Structure formats: C-alpha cells, structure tokens
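Asks: If you scroll down you'll find the structure; I have some questions about it.
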2 protein chains.
Amino acid sequence: MKIAVVRERTDGETRVAATPETVGKLIALGATVAIEKGAGEASRIPDAEYKTAGAEVAATAEAALKGADIVLTVRRPGAALMAGVNKGALVIGGMDPYGNEKDILALAKAGVATFAMEFMPRITRAQVMDILSSQANLAGYQAVIEAAGLFDRAMPMMMTAAGTVRPAKAFIMGAGVAGLQAIATAKRLGAVVSANDVRPAAKEQVESLGGKFIAVEDEEFKQAETATGYAKPMSAEYQAKQAELTAQHIAKQDIVITTALIPGRAAPRLITKAMIETMAPGSVIIDMASERGGNVELSQPNKLVEHNGVKILGLVQGQNRVPTSASQLYARNLLAFIETLVDKKAKVVAVNWDDELVKATVLTKEGAIVHPNIKVDAPAA
Amino acid sequence: MKIAVVRERTDGETRVAATPETVGKLIALGATVAIEKGAGEASRIPDAEYKTAGAEVAATAEAALKGADIVLTVRRPGAALMAGVNKGALVIGGMDPYGNEKDILALAKAGVATFAMEFMPRITRAQVMDILSSQANLAGYQAVIEAAGLFDRAMPMMMTAAGTVRPAKAFIMGAGVAGLQAIATAKRLGAVVSANDVRPAAKEQVESLGGKFIAVEDEEFKQAETATGYAKPMSAEYQAKQAELTAQHIAKQDIVITTALIPGRAAPRLITKAMIETMAPGSVIIDMASERGGNVELSQPNKLVEHNGVKILGLVQGQNRVPTSASQLYARNLLAFIETLVDKKAKVVAVNWDDELVKATVLTKEGAIVHPNIKVDAPAA
C-alpha cells in the first residue's frame, strides 16, 4: 500500500497534505509513503524530516505518484498528474467540488476514486476529519492578526502615564468556526468585541467568548433563540430591522471581519459601499469571503484596497498564512479518514463503500462521477 | 502666543505633534494654534478635525510657522524651516540629540530655544511628559503584532478536534518599557513568554506579567536582584554563564524580540549569526534596535531578511505603525510640558529657566548650544 504526497500546484497554496507526524502514523498503518521533494517547504517542513519519519523523498511528482494506492492532497490535483497511479487509487483532499465539475469528471476518467473532504458529514465520529473547521479556525485567527497589522492604533486599552488609549472596537460578522476564533483572538488582543449571526442561537456562543451579540431582540428573536434543531428563517420584517441595526453598528466600529460563506453559492453581501463610507478613516475591514464574490462591496481577493481611508483586505484562505499550523491540522484530518479506509492487518486499502463517511465524500469512482451534488451538464471537453 | 505644528519631513514618520484633543487644550492655555495642511493625515487626523478643535489650518509650513512662539514637532526640524518664527521661539520635540550636533548648532544659530524631550528627567512629575516611555510602549506592542504576522504558525495553544496546536515560544530580550509591553502582548496572544534583562531586578516585573525570567540564578544574581538603587555591573564570569544560558534558550524559541538600546551609543549585539543558525526554520526575530547598529547580526533597518529559514525584521520606530495611538500619547506628552512653560493668565510664554525639566531638556538658547551632553568639536559648516 503506497501513499503519495506531492507539492501543491495551486498558486498561493502553502500547505502540505502530510507532516512527519502523520507520515509516521501512515507507516504504522502498513503503508509506504512517498513525498515529492520540497512538498513541505512552504510549511517549513524540510525533506529531511520526512525522511526521518520514514518516508521516501521522490525527486519528481511522477516518481512519488507512480504505483500509488492513495494520493493525499490539499487542493484538487489535475487529472494529468494521475497517469501513473494504480487503477482505482484513492485521491483524498479538498476538492472545491462546486463549479469545477469538468475537472472532477477528468479525475473520474483518469480512473481514480476522488474524495472531497469538504463533504465530510458533521457528525461526532467525523469531527476529527473536518477540514473546514480545522482550517476555518486558523483563518479566523489570522484575520485578526492581519487586522491588527493594518490597524493604525493599538488594539488593547492601555493605561499610561500620558493617559488612556481606548481599546479597538471589533465586529465579527458570522459566528461560525472562523467567526468564533476571530472573536476569541480579538478578545485576547484586548478589543471590545461584538458579533452577529443569522442564527439567533449563536448568541450564547458569542457571549461565552466575551463578545456582545448584536441583534434586534424582539419576540421573534427570543423564540428563535431557544428553538431546538434547525430554526425557521427569520421574517422579512425582522431581517430589515436587523439590517438597520447592523448598519448603525458598523459605523461605530474600528475593525470589521466578515466570515459569511455558503458552500456552492456566492457569498452574501453584508457591507455596502455606503456602509463603508460611514466608518472612520483608519478603520479596517477583513473580508474572508472575497474569493466567492465577497461579503464586502469593493473588496478584492488577495488585495488591500482603501476607500475613504478605510482599509479593506480580501483575505483568501487565511490559513495559508499560518501554513505550519494549517498543515499540521489538515494532515491529521486526512490521517483520521484514512484510518477508516485501510485494513491494518492485511496492510491494504479496504474501502467500505457503504460507510456513511465514504458515501458522503466520494465524488468519482470507476470512471464516473458518483456524487449526487455534482452534476455535469455537458460532456467534458 | 502662537503655537505652530507642521507636517513631519522625516521619511517614514507618520506621527504628528498635536491632536485635536491637545489643540483644544493649548487654546485653553491662551494660545492660537496653526497646523500645516495635511499634518495629521498619516495619523488619520483630517484637517477638518483640527479646525473643529479651533486651530487654523495653514496652506504651507511657512504660513503655519510665521510669527510662532512655540513650534511642536515629532522629529528635529531643519533650521531653514525656522526662518519666520519669532526670535527665541521654543522648538519642542524629539531631537535625537546624539550624533546630530551640527544640526543642533544650526538650530541654535537660527535663534530658537530647542528642547529635547528625550532628556526629560525620569522623575514622578515628568512621567506624563516621557515620550521615550509612551512611544516605546507602543513599539513593543507593534513588535509582537509584526512577529505574529510573519510567523508561520498560530501563537496561542489551540485545542481542536484534530488535536492540539502547541503555543509559540516567545523570548523578549530586555525588559524596559518596550520589552514589558512586548511580554504583555505576547502573553495576550497566548504565547509561552520568557524574557531577560541585564538588571536582575527586572525579574519581578517580568514575572508579574506572566513571563519566565531567564537568568543564571546563582548567589551573585540573588544579591543583585534584591539590591536597592543602581546595582553594580555583574562580574565577567557571571556574564559568560548568562550568555551561554541565553544562547541555549534562543535555540528553542519560535519568536525572539530584542529591545536593547542605550541612548547615544551603538546597540549591544545580543544575537549572532551562529545563534540564528541554531533556530528552527520559520522562527521570527524582531530587532527593535536595527537603526542603531542592531541587537541582531544580519538585521537591517526597515528590512525583512531571511537566513536559514529564520525571518529577521529590523523594526524601526515601531510606534510609527500605530500612528494614531502614537500621536495621541506623544501630543499629550508635549502638552504636559508646555503647561509648565506658559503663563496662563497673561497668555504668554514664560519659561522658568531654573526649572529642572527645562534645564535637563534645553539644547540651544540665544544662539548657542547650552546642553552639557551636546558638544560640537568643529565649527559648523
């Protein structure tokens, strides 16, 4: 059973799908591991450390992939790379499945079984395999670090002989994994932190981190807040009141971080140009959804733009700016999944195609796309 | 009594010597205040805010300075700028007095009374005027923000479903004002923080901020630690043992921030190239003394260099990266000093030349250099 890891080919991608720690554990599962030379470099993992962990360091991607039974990857690899792998090899990683159907079809035609880690069910057993959470957590941290770097003032309150410096006011829009870590990090740095979320039930989590939840707390809200399971969407009237409150709140903020991403869809617009123009010069906005169209009008992926003295950073894949931590967690996510896909005694790949984790994540198998969410309208070119 | 503030002319200088807050208070002292257009821009203070506070916004530096009785500045101004001020006008600011004797002589010849805020005595009464402390505090904060931005990993310990991310290890060399704020900020961000200082008495301060003090704690150290007043220098034997311990400690650090500056002298060399080479790839060093020759071999002012995978930033005037906060505190420092230099009832400048604050800070007066620390060997060109 050979497991291959190659250097990521996507621009700006700094992570790697295995670390010396996970290589050791993959070998303990009965695998041999081949790593393309330099694959860990951007994550500060020298080839020598992989060797020490027991991996073979291959001079080229082709050499690493030749005869592989499992390919571990951070981003969806090109189908051409799969030429030398064993028939039916498992290709496991982040596949960014929506909007890339043709590339996925090409992987199907290459004969590999592709698994999209993004589709891992959010059940207890699979938490340890949840790449969206592990990476969003770091991206949320990094968003605050970037904001602090761009901000013209110190974040914490400082009591000095020359008087007090007031703390920064930071508003985190969206209290998912990234948002919650952004709240926690901004609190650490001493900011006065507020947050919102379309789910009234998020109020408790925000407050448990010391943030103030910004919401119109009327009867409708109170009922939704305590509802169990999936809440019904809030009324249009409520949403209008909430939008008004949010706009007023943004005008008073020093730092705003937006985190609203919906898988497979364009990012919702949370901040308009008019709202930016209500903010004071020197304020900072970090848009964590810029590569999906942006939560913030004027934001651009991987760019810092300034409008009326407000700095707006389109932070793309923030976890790539802390690649050593991101690779560490990502590689563990993959390892945990692989442990369910192999027979340790026989030291072979042994996929249980009926396992709910497998059924949820497998995109391609035996030459075809097999995932219900991925549809190819026209035949691939 | 006219007080003038001009835009700073030094490259990279983002601060301004008065804020709308201090302008209001200067006017309350009986002054009129003229601000050069755009002087507050880099500190995010629009001209309109100065106007609202009661200042006149002048189109040029010359217009602002014409007939001024007091000139407030962040950095030492060129003597040519002083052509239009009143005879004997007070010029108050950071004068960077050592090594710039000719420029100071030129200010003397221009007929102004120059005050170096750096020479403010460290006595209780003058704490509120202490620009070195107010600015070093912010620079120490910023050093950690820069380090976090450059660091390839998250700073805090993170307990996630995919396991634990270990916290960063940060070592702060020098526990003065900048060092203590760096310790506090790195602690905020969740790092495991250690620090050292040539003064054994600093141990208590470091520990009060949650840092571990790194020192050979032998009998000599214990005696020095509890000594009152100025301690005698440690023995050569002690210093050698301490250097050895420090070198071993640095090899295990993720982030090192050096803060050792001695006024009027070259910065002491704390980290050699050989020591850098003991650090892991991805480690970060911030040298806060790079413009004085550097605490760190290889560091360069305002540059990020990488050696063996270790990033080394020569951070110059770190407070200039948080200019809004820095200007706020700096302007208050100046205001507090000015309050001692004017007669509020008569609304005129009224310097008590026998005041210890004046005697300690005045560099030039009536055409000559009058400060004992500033000596001009040759006549100015």
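Each reported figure results from applying straightforward, stated rules to the coordinates on display, with no laboratory input. Because the structure is a prediction, the values reported are computed rather than measured. Note that we place each Cβ from the backbone using ideal geometry, even for glycine, and neighbour counts take in every protein chain shown.
Asks: Name the residues whose placed amide hydrogens come within less than 5 Å of the amide hydrogen of residue B:90, ignoring near sequence neighbours (fewer than 5 apart) on the same chain.
Replies: Under 5 Å from the amide H of residue B:90: B:70, B:71, B:113.
Asks: What Rg and what Dmax come out for segment B:1-111 when only alpha-carbon atoms are used, in angstroms?
Replies: When restricted to Cα atoms, segment B:1-111 yields Rg and Dmax of 13.3, 40 Å.
Asks: What is the local net charge at residue A:57, summed over the other residues whose Cβ is closer than 9 Å to its Cβ (Lys, Arg +1; Asp, Glu -1)?
Replies: In short, -1.
Asks: If each label sits 7 angstrom from Cα along the C-beta direction, how far apart, in nm, is residue A:273 from its counterparts in the other copies?
Replies: When each copy's label point is compared with this one, the spacings are 5.4 nm.
Asks: Using alpha carbons only, how many angstrom separate the centre of segment A:117-139 from the centre of segment B:277-298?
Replies: If you average the Cα positions of each part, the centres end up 38 Å apart.
Asks: Please report, in whole Å, how far the alpha carbons of segment B:70-122 spread along each principal axis, starting with the longest.
Replies: Principal-axis extents of segment B:70-122 (Cα, largest first): 33, 21, 15 Å.
Asks: Let me check against my output: what whole-number percent is the relative contact order of segment A:29-137, with C-alpha pairs under 8 Å and at least 6 apart?
Replies: Computed over segment A:29-137, the figure is 18 percent.
Asks: Here's something else I'd like to know. With all pairs of different alpha carbon atoms counted, what Kirkwood hydrodynamic radius in Å does segment B:142-225 show? Intermediate results must be reported in sequence, preceding the final value.
Replies: On the way: mean 1/r = 0.0738 Å⁻¹.
13.5 Å is the Kirkwood radius here.
Asks: Which of B:138, B:61, B:117 sits farthest toward the positive end of the charge dipole of segment B:45-146, with +1 on the Cβ of Lys and Arg and -1 on the Cβ of Asp and Glu?
Replies: Positive-most Cα among the choices belongs to B:117.
Asks: Taking the Cα centre of segment B:22-128 as origin, sum charge times position over the Cβ atoms of Lys and Arg (+1) and Asp and Glu (-1), and report the length of that vector in debye to the nearest 20. Each step should come with its number before you reach the end.
Replies: Values: 12 positive and 11 negative charges, 50 e Å.
Result for segment B:22-128 is approximately 240 debye, rounded to the nearest 20.
Asks: Using a basic spin-label model with each label point 7 Å from the Cα along Cα→Cβ, how many nm lie between residue B:248 and residue A:125?
Replies: A separation of 5.0 nm, rounded to one decimal place.
Asks: Just want to confirm a number: the relative contact order over segment A:260-381, from Cα pairs under 8 angstrom separated by 6+ residues, in percent.
Replies: Worked out over segment A:260-381, it gives 15 percent.
Asks: Show the residues, 5+ positions off or on another chain, whose built amide H is closer than 5 Å to the amide H of residue A:160.
Replies: A:165
Asks: So, one more: Leaving out same-chain residues fewer than 8 places away, which lysines sit with a Cα under 16 Å from that of residue A:37?
Replies: A:51, A:66
Asks: Express in nm, to one decimal, how much length is gained between residue A:41 and residue A:21 on full extension, taking 0.36 nm for each residue of separation and deducting their alpha carbon distance.
Replies: Details: separation 20, 0.36 × 20 = 7.20 nm, distance 1.55 nm.
Here the answer is 5.7 nm.
Asks: Same structure, new question: Among the aspartates and glutamates, which fall within straight-line cross-link reach of residue B:87, defined as a Cα-Cα distance under 12 Å, with same-chain neighbours fewer than 8 residues apart omitted?
Replies: Residue B:87 reaches B:69, B:366.
Asks: Pop out the ³J(HN,Hα) list for segment A:21-26 in order, Karplus 6.51 cos²θ - 1.76 cosθ + 1.60 with θ = phi - 60°, rounded to Hz; leave Gly and Pro as x.
Replies: For segment A:21-26, the Karplus-derived couplings read 4, 6, 4, x, 6, 5 Hz, x marking Gly and Pro.
Asks: Here is a follow-up. Pop out the ³J(HN,Hα) list for segment B:148-164 in order, Karplus 6.51 cos²θ - 1.76 cosθ + 1.60 with θ = phi - 60°, rounded to Hz; leave Gly and Pro as x.
Replies: Each residue's phi maps through the Karplus curve to give 4, x, 8, 6, 7, 10, 6, 7, x, 5, 10, 9, 10, 4, 8, x, 9 Hz.
Asks: Rounded to the nearest 20 Debye, what is the dipole magnitude of the protein assembly as shown about its Cα centre when Lys and Arg each give +1 and Asp and Glu each give -1 at the C-beta?
Replies: 100 debye
Asks: Right, something else. Where nothing but the Cβ of Lys and Arg (+1) and of Asp and Glu (-1) is charged, how large is the charge dipole of segment A:127-239 around its Cα centre, in debye to the nearest 20? Before the final figure, lay out the partial values.
Replies: Numbers: 10 positive and 12 negative charges, 96 e Å.
So the dipole magnitude of segment A:127-239 works out to roughly 460 debye.
Asks: Pairing the Cα long axis of helix B:323-338 with the longest principal axis of chain B, what angle in degrees results, from 0 to 90 and rounded to the nearest 10?
Replies: 50 degrees
Asks: Tell me whether segment A:210-330 comes out rounded, prolate or oblate; compute the Cα gyration tensor, take square roots of the eigenvalues as a ≥ b ≥ c, and use a/c under 1.5 as the rounded threshold.
Replies: oblate
Asks: With a 10 Å Cβ neighbour count serving as the proxy for reagent exposure, in which order, fewest first, do A:290, B:327 appear?
Replies: So the residues, fewest neighbours to most, are A:290, B:327.
Asks: If you fit an axis through the alpha-carbon atoms of helix A:236-250 and take the longest principal axis of the Cα set of chain A, what angle between them do you get, 0 to 90°, nearest 10?
Replies: With rounding to tens, the tilt is 80 degrees.
Asks: Next up: If you take the square roots of the eigenvalues of the alpha-carbon gyration tensor of chain A and sort them as a ≥ b ≥ c, do you get rounded (a/c under 1.5), prolate (a/b over b/c) or oblate?
Replies: On the way: a/c = 2.15, a/b = 1.72, b/c = 1.25.
Judged from the Cα gyration tensor, chain A comes out prolate (a/c at least 1.5, a/b above b/c).
Asks: Additional query: In degrees, nearest 10, range 0 to 90: what is the angle between the Cα axis of helix A:177-188 and the longest Cα principal axis of chain A?
Replies: With both axes taken from Cα atoms, the answer is about 50 degrees.
Asks: Please turn the phi angles of segment B:49-63 into ³J(HN,Hα) values with the Karplus equation 6.51 cos²θ - 1.76 cosθ + 1.60 (θ = phi - 60°), one per residue in order, whole Hz, x for glycine and proline.
Replies: With the stated coefficients, segment B:49-63 comes to 6, 5, 4, 4, 6, x, 7, 8, 9, 9, 6, 9, 4, 4, 5 Hz.
Asks: While we're on this one: Once the label point is placed 7 Å from Cα along Cβ, list for residue A:339 the distances to the corresponding points in the other copies, in nm, shortest first.
Replies: In ascending order, 6.4 nm.
Asks: Now for a different question. Would you pull out the residues with amide H under 5 Å of residue B:342's amide H, same chain only if 5 or more places away, H placed 1.01 Å from N?
Replies: Placed amide hydrogens put B:350 under 5 Å from residue B:342.
Asks: Which percent of Cα-Cα pairs in segment B:88-217 sits in each 5 Å bin, short to long?
Replies: For segment B:88-217, the pair-distance distribution reads 2, 10, 15, 14, 14, 12, 10, 8, 6, 4, 2, 1, 1, 0, 0.
Asks: Separate question: Percent relative contact order of chain B, based on C-alpha pairs within less than 8 angstrom and at least six residues apart?
Replies: Reported as a whole number, the value is 19 percent.
Asks: Counting only pairs 8 or more places apart or on different chains, how many lysine pairs in segment A:234-381 have C-alpha atoms closer than 23 Å?
Replies: Total qualifying Lys-Lys pairs in segment A:234-381 comes to 13.
Asks: What fraction of the Cα pairs in segment A:300-381, stated in percent, has a spacing above 18 angstrom?
Replies: In whole percent, the long-distance tail amounts to 68.
Asks: How shielded is B:318-327 by partner chains, expressed as the average number of their Cβ atoms within 10 Å of its Cβ atoms?
Replies: What the average comes to for B:318-327 is 4.
Asks: Please compute the Kirkwood hydrodynamic radius of segment A:229-283 from all pairs of different C-alpha atoms, in Å with one decimal.
Replies: For segment A:229-283, the Kirkwood estimate is 13.1 Å.
Asks: What net charge do the residues around residue B:182 carry, taking every other residue with its C-beta under 13 Å from that of residue B:182, with Lys and Arg at +1 and Asp and Glu at -1?
Replies: Combined, the nearby Lys, Arg, Asp and Glu give -1.
Asks: Binned at 10 Å from 0, what are the whole-percent values of the Cα-Cα distance distribution for the protein assembly as shown, short to long?
Replies: So the P(r) values, bin by bin, are 3, 12, 20, 21, 19, 13, 7, 4, 1, 0.
Asks: 7 Å along Cα→Cβ for the label point: how many nanometres lie between residue B:164 and each equivalent label in the other copies, listed shortest first?
Replies: For residue B:164, the other copies' label points sit at 3.7 nm, shortest first.
Asks: Can you sort B:172, B:369 by how many other beta carbons sit within 10 Å, fewest first?
Replies: Values: B:172 34, B:369 21.
Listing B:172, B:369 from fewest to most nearby Cβ atoms yields B:369, B:172.
Asks: Now for a separate question. Which value at 222 nm does chain A reach when only helices count, each DSSP H run of 4 or more adding -39,500 (n - 2.57), with the total divided by all residues and rounded to the nearest 500 deg cm²/dmol? Before the final figure, lay out each step's value.
Replies: Details: 12 runs with 118 residues, N = 381.
Result for chain A: -9000 deg cm²/dmol, rounded to the nearest 500.
Asks: What is segment B:91-150 by shape, rounded, prolate or oblate, if you read a ≥ b ≥ c off the alpha carbon gyration tensor as root eigenvalues and call it rounded for a/c under 1.5, prolate for a/b larger than b/c, and oblate otherwise? Mind showing how you got there, number by number?
Replies: On the way: a/c = 3.72, a/b = 1.73, b/c = 2.15.
It is oblate, given that a/c is not under 1.5 and a/b is not larger than b/c.
Asks: Let me ask another. Which net charge results when you count Lys and Arg as +1 and Asp and Glu as -1 among the other residues whose beta-carbon is under 14 Å from that of residue B:315?
Replies: It works out to a net charge of +1.
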